[in-house]
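J.: Dropping a structure here in structure tokens format, bear with me for questions.
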Amino acid sequence: MAYKLGIIGTNWITKQFVQAAHESGQYVLKAVYSRHEDTGKQFAQPFNVDDVYTDLEAFYNSGINVVYIASPNSVHFEQVKAAISHDIHVIVEKTAFSNPTEYAAILELLHDHPNVRLFEAARHIQQANFKVIEQQVAQMEKIAGATFVYEKYSSRFDDYLAGNEPNVLSRRFSAGALTDLGVYPIYAAIKLFGAPKQSHYFATPLRNGADGRGIAILRYDDFDVTIEFGKGSNSHLPSEILGRRDTLVIGDIAEVLDVTYYDDEGAAHQLSQEPLANPMTTEAVKFADMMTNPVDTAEDYQELLALSKTVNQVLFDLRQDAGIVFPADK
Ligand SMILES: NC(=O)c1ccc[n+]([C@@H]2O[C@H](COP(=O)([O-])OP(=O)(O)OC[C@H]3O[C@@H](n4cnc5c(N)ncnc54)[C@H](OP(=O)(O)O)[C@@H]3O)[C@@H](O)[C@H]2O)c1
């Protein structure tokens, strides 16, 4: 039977997720939460959904059994906490929580609600082309280093330049370049290479103290991963993983559209396949499978949760290194 889906946050990303969820055949949108009834109704209407709530408690009591949360990062914690307390599965957008203290409290709550599954929606690591990267990395004799780049001019940067403070560039919302875009390459690095031994972040601050762009370095036993990301410019550089003579080149580390392996002789081998039209479909299918088959997928689920927790810790360590404090840290 399809999961009864509720959503929080009515921006474009939620629409994309609902479309992916419906495409998977595993979910049906049943309820919409918004701070404003009009906005909620506007979101719900094209999906023929009548259940619109502005009260979180009523929303969680509406009969949904999974919630997708795409509100600003700083409000995820309270919304996730309430969902778990109602024994509702959670798919929360990245970055899931502001810091390790919040994460620890959520894990404790999950312990008391063992049937609830919590997923951080890191869509790119679920995609078929990311599995191709993992397979190729496993076959490379030596990893000598990697450079991942994800730098995109944000649609909200105009607003920042006009003198305002959009949520996504505000520490108040546990946001900035690291948590908004850096999280993609950092997820990729940790999924591929594990937790780093050390991490450093050289951040370029905005006038409000949030990071507008930056360079993070993750140090492993015998190689470093350099990660460049930002929200105020467009980079067209690809990402690459260096072997010795061989190289794996990734066209876009967040969309994972194009993966080419250059062998020791420099010959190019195209490894990527045509991606699905909706980049959230694969994760929607995977999460539904994990909710439906908790015993068979227990190991996979614990790995995913551990990865999410490690990413959270590394993001926090990087912020500490750069001296970036969120109000949620206090
Ligand atoms: N996976 C991806 O590709 C992807 C892409 C973009 C964003 N994201 C993630 O999705 C989340 C939302 O990002 P966004 O850029 O869409 O954020 P946003 O525009 O700032 O807010 C998203 C929604 O949250 C609600 N909201 C706004 N301000 C709020 C506040 N002060 N308190 C409570 N709710 C508020 C609004 O819905 P209502 O007005 O209906 O309440 C809004 O539509 C973030 O975690 C972000 O990192 C993921």
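The values are calculated or read from the model by the stated rules, or taken from the named source; none is laboratory data. Nothing here was measured: the structure is a model prediction, and the numbers come from that model. Here Cβ is always computed from backbone atoms with ideal geometry, including for glycine, and neighbour counts include all displayed protein chains. SASA here: full protein model, heavy atoms, side chains in, ligands and nucleic acids out. Shrake-Rupley method; radii C 1.70, N 1.55, O 1.52, S 1.80 Å.
J.: Consider ILE133 against the criteria (1) open to solvent by 10 Å² or more (accessible area, probe 1.4 Å); (2) outside the structural domain of VAL18 (by TED's automatic domain parsing): it satisfies all of them except one. Which criterion is unmet?
T.: (1)
J.: Near the ligand (Cβ under 10 Å from one of its atoms), in a loop (DSSP other than H, G, I, E, B) and of a type outside the set (Gly, Ala, Ser): is that true of THR14 in this structure?
T.: Answer is no for this residue.
J.: Return the only residue of ASP221, ASP159 being open to solvent by 20 Å² or more (accessible area, probe 1.4 Å), closer than 25 Å to ALA70 by Cβ and at pLDDT 95 or above.
T.: ASP159
J.: Moving to a separate point now. Between GLU57, GLU37, GLU23, which is touching a helix residue (DSSP H, G or I) at 6+ places or on another chain (Cβ under 6 Å) and of a type in the set (D, E, K, R)?
T.: GLU23
Residues checked against (1) within 12 Å of the ligand (Cβ to nearest atom); (2) assigned by TED's automatic domain parsing to the domain that holds PRO166; (3) farther than 12 Å from GLY6 by Cβ:
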residue	(1), (2), (3)
GLY40	yes, no, no
PRO46	no, no, yes
TYR53	yes, no, no
ASN65	no, no, no
SER71	yes, no, yes
VAL75	yes, no, yes
VAL80	yes, no, yes
ILE88	no, no, no
THR95	yes, no, yes
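J.: Also, quick follow-up: Failed condition for ASP317, given (1) in contact with a strand residue (DSSP E or B) (Cβ under 8 Å, 6 or more places away or on another chain); (2) outside any helix (DSSP H, G or I), with all others met?
T.: For ASP317, the exception is condition (2).
J.: Looking only at region 93-125, count how many residues are under 22 Å from GLU283 (Cβ atoms), open to solvent by 30 Å² or more (accessible area, probe 1.4 Å) and of a type in the set (Val, Ile, Thr).
T.: So the count comes out to 0.
J.: Next question. Mind checking which residues of region 262-279 are open to solvent by less than 90 Å² (accessible area, probe 1.4 Å) and away from the ligand (no atom under 16 Å from the Cβ)?
T.: Across region 262-279, the qualifying residues are TYR262, ASP263, ASP264, GLY266, ALA267, ALA268, HIS269, LEU271, SER272.
J.: Out of the residues in region 295-314 that are of a type outside the set (Ser, Thr, Tyr) and not in a helix (DSSP H, G or I), which is surrounded by the most Cβ atoms within 10 Å (Cβ to Cβ)?
T.: Selected residue: ASP296.
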